[in-house]
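Note sheet for the following structure.
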Amino acid sequence: MSQWINNSVFYHIYPLGFCGCPEYNDGNTEYRLNKLIDWIPHLKKMGVNALYLGPVFESLKHGYDTSDYYKIDCRLGDNASFKKICDELHANGIKVILDGVFNHVGRDFWAFKDVQKYGSNSQYCGWFQNLTFNGRSPYDDPFWYEGWSGHYDLVKLNLYNQAVVDHLIGAVSMWMDEFKIDGLRLDAADCIEPNFFRALRRFCKGKDPDFWLMGEIIHGDYNRWANPEMMDSVTNYECYKGIYSSHNDKNYFEIAHSLQRQFANGGIYKDLCLYNFLDNHDVNRIGSTLRDPAHLKNAYTVMFTMPGVPSIYYGSEWAIEGMRTRESDQMLRPCLELNTPLAKTQSLVPHIGKLSALRKNFPALCVGNYENVMIRNEQLVYKRSTNGQTIVVALNITDSEYWLDFPINGGSVLTDVLCDGSEYRVENGHANVMIPANGARIMLLNNGDFSYRDFAERIENDTQSEAVSGAQNENDLHAAQQAETAEAQTTPEKPAEQRPAEKPQRQIKLGKFRSWDGSMFAVIALAKNTDDGEPAIIYKELFNNGYIFTCNAKGFLDDIEVNGKMVHKFEYVDIDE
């Protein structure tokens with residue numbers, strides 16, 4: 001297994017949404033993904049040292065309909081610009097993982113277009129699964145082919161064809177050589193011919209033994225795909241569900257059962273470093289899934305302290321909301337800026353940063369054995385242990401502080417390293433610990449020889465040095481922009497009649513609004529954000545599932561770019577319309 005993975009904290013971005021790209025590829029090259037460089041200090045502030053980027057290669061629409069594996073999607077930039085982004089990430093100690101979409105391609109894929117043009121005379125007929133000329137496709141092609149999961153805009157590749165395998169592995173070779181990527185996330189891994197993964201692993205590990213392969217697996221025995229012949233890791237959907245469900249139902253038995261089953265002594269995945277997450281580009285945002293926002297910090301605490309590698313989905317560090325609809329995943333994949341107006345809270349970012357620092361400083365949280373200590377519906381205690389270190393994690397999801405007595409051996413003191421350095425004596429193999437309301441304690445078991453003060457100062461110094469490093473990088477990268485700004489400030493201001501008229505201020509009122517994509521909503525209440533006092537709104541989806549959403553008023557009034565034009569994100573409509 002790749003040596004670096006156990007010490008990693010991932011950040012997951014869906015690039016086409018993150019950059020606000022047009023829904024369909026218009027062929028125009030725009031260097032939108034360059035804005036990722038501005039985010040590097042933010043990533044480092046949270047302790048992120050690995051970035052998983054969703055599809056970045058040329059496609060017609062959403063990235064999972066690849067048309068060219070050897071070319072960066074022009075809506076994001078080009079190969080040269082992406083190389084510079086990867087170089088900058090690597091220079092800041094951040095590894096790069098790309099989405100390998102090898103199960104299917106889009107209808108604009110060059111080999112499929114060759115079949116459309118030359119029919120049975122095309123040399124690429126054998127590249128696609130079950131392609132025959134005995135009927136017509138749902139798109140009225142004079143041939144039939146297999147679409148992935150019934151989606152005929154996604155043409156399933158024939159991975160039994162060696163030419164196809166060579167083409168895909170050739171692309172990976174190019175990505176490794178040109179962009180120096182550190183690993184792949186394999187899309188729809190449960191649908192892919194296992195021998196393809198064996199060939200991919202032999203190639204990648206032969207080129208770079210530390211190269212990491214992780215598969216998207218939703219159901220089944222993870223050992224089928226994560227093993228010494230195929231992939232290093234898979235997505236841990238079992239614990240994804242267990243974390244949010246345990247908090248919503250106030251039933252810590254659920255996640256405790258999964259963790260014990262997976263990782264305890266004799267656990268079925270004890271030797272795997274699974275990819276853990278609270279949300280991603282395919283599932284509802286954790287900010288929408290949790291019924292009580294007060295449980296957000298505990299959800300992140302579980303993910304960062306359980307075995308495996310944690311991953312943050314972009315924007316969820318601000319608890320932004322988003323839910324899937326039957327028609328679209330768009331609300332899961334928004335365009336975000338660093339000072340996003342959609343943020344519901346700013347308190348998660350320092351919490352995540354502290355959790356990352358604890359993983360960095362306590363190996364037991366990265367590679368330690370797992371053991372449940374005490375389980376109650378609304379409290380959970382477990383420990384992570386190596387030969388020389390034991391960390392105890394205690395969680396509480398009641399609205400008041402809770403004193404919990406539990407068994408523990410191996411030391412005389414439990415020192416909290418998450419909150420405030422509180423110390424709790426271990427007597428006769430038991431500790432009595434106060435867990436904050438809707439909070440947690442992460443405690444180091446010791447014999448009174450641990451100095452929390454020295455530890456806290458070291459963490460603070462590390463955080464500050466990371467911030468300074470990030471700021472210096474940002475200053476270097478934007479020196480030219482600063483020069484342009486200084487020049488603009490010395491330029492005489494135009495007379496008022498030559499300046500463009502200021503845009504009129506827009507206001508929100510109760511009533512119906514149409515979003516930029518035609519969806520209809522009703523603003524049902526005006527409110528105030530409890531974190532920053534800024535005006536906020538509550539609005540409801542008028543059709544589909546009738547979901548209710550909240551956001552800051554500024555975000556609701558923002559303009560976004562659609563097909564190269566700036567339009568209102570939401571527009572008021574007359575009540576009779």
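The values are calculated or read from the model by the stated rules, or taken from the named source; none is laboratory data. All figures in this text were calculated on a predicted structure; none of them were measured in a lab. FYI the Cβ positions are ideal-geometry reconstructions off the backbone, even for glycines, and counts take in every protein chain you see. For accessibility, only protein heavy atoms count, side chains too; no ligands or nucleic acids. Shrake-Rupley method; radii C 1.70, N 1.55, O 1.52, S 1.80 Å.
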Residue in the range 112-130 that is under 33 Å from the mean Cα position of the chain (by Cα), part of a helix (DSSP H, G or I) and of a type in the set (Phe, Trp, Tyr) present: yes
Any chance Thr345 is in a loop (DSSP other than H, G, I, E, B) and either within 30 Å of Lys569 (Cα to Cα) or polar (S, T, N, Q) (or both): yes
Check on Asp87, closer than 23 Å to Asn7 by Cβ, at pLDDT 95 or above and open to solvent by 10 Å² or more (accessible area, probe 1.4 Å): yes
Output for the range 210-231, where each listed residue is open to solvent by 10 Å² or more (accessible area, probe 1.4 Å) and either within 17 Å of His12 (Cβ to Cβ) or of a type in the set (Phe, Trp, Tyr) (or both): Glu216, Ile218, Trp225
Selected residue (only one of Ala319, Ala299, Ala294 is open to solvent by 10 Å² or more (accessible area, probe 1.4 Å), out of contact with any strand residue (DSSP E or B) (no Cβ under 7 Å at 6 or more places or on another chain) and small (Gly, Ala, Ser)): Ala294
Lone qualifier among Leu336, Leu365 - being surrounded by 20 or more Cβ atoms within 10 Å (Cβ to Cβ), part of a loop (DSSP other than H, G, I, E, B), out of contact with any His (no Cβ under 9 Å at 6 or more places or on another chain) and in contact (Cβ under 8 Å) with a residue 40 or more places away in the chain: Leu336
Selection within the range 132-169 - of a type outside the set (Asp, Glu), farther than 15 Å from Asn103 by Cα and in a loop (DSSP other than H, G, I, E, B): Phe133, Asn134, Gly135, Arg136, Ser137, Pro138, Tyr139, Pro142, Phe143
Matching option when the condition is open to solvent by 30 Å² or more (accessible area, probe 1.4 Å) and of a type in the set (S, T, N, Q), among Asn276, Asn280, Asn265: Asn265
Looking only at the range 406-418, and only at residues there that are in contact with a helix residue (DSSP H, G or I) (Cβ under 9 Å, 6 or more places away or on another chain) and outside any strand (DSSP E or B), the one that is farthest from Asp454 (Cα to Cα): Leu418
So Asn251, is it of a type in the set (S, T, N, Q), in contact (Cβ under 8 Å) with a residue 60 or more places away in the chain and more than 30 Å from Lys35 (Cβ to Cβ): yes
Residue under evaluation Ile397, criteria (1) in contact with a Lys or Arg (Cβ under 7 Å, 6 or more places away or on another chain); (2) closer than 24 Å to Ile459 by Cα, criterion not met: (2)
Ala437 being among the aliphatic types (A, V, I, L, M) and open to solvent by 30 Å² or more (accessible area, probe 1.4 Å): yes
Residue within the range 179-191 that is charged (D, E, K, R) and in a helix (DSSP H, G or I) present: yes
Where Lys512 falls short, out of the listed (1) part of a strand (DSSP E or B); (2) at pLDDT below 65: (2)
Count of the range 419-439 residues which are in a strand (DSSP E or B) and closer than 18 Å to Phe304 by Cβ: 2
Pairs where the first residue, in the range 114-137, is under 15 Å from Leu157 (Cα atoms) and the second is open to solvent by 40 Å² or more (accessible area, probe 1.4 Å) and acidic (Asp, Glu), C-beta under 6 Å, 6+ apart: Gln129/Glu146; Asn130/Glu146
Pairs where the first residue, in the range 416-439, is at positive phi and the second is among the acidic types (Asp, Glu), C-beta under 7 Å, 6+ apart: Asn438/Asp399
Yes/no for Val96 being over 23 Å from Glu337 (Cβ atoms), among the aliphatic types (A, V, I, L, M) and either free of Cβ contacts under 8 Å to residues at least 40 places away in the same chain or open to solvent by less than 20 Å² (accessible area, probe 1.4 Å) (or both): no
Answer residue from the range 117-161, given it is touching a strand residue (DSSP E or B) at 6+ places or on another chain (Cβ under 7 Å) and among the small types (Gly, Ala, Ser) and is surrounded by the most Cβ atoms within 10 Å (Cβ to Cβ) among those: Gly147
Test for Gly63: is it touching a Leu at 6+ places or on another chain (Cβ under 9 Å) and either surrounded by fewer than 20 Cβ atoms within 10 Å (Cβ to Cβ) or within 23 Å of Ser311 (Cβ to Cβ) (or both): yes
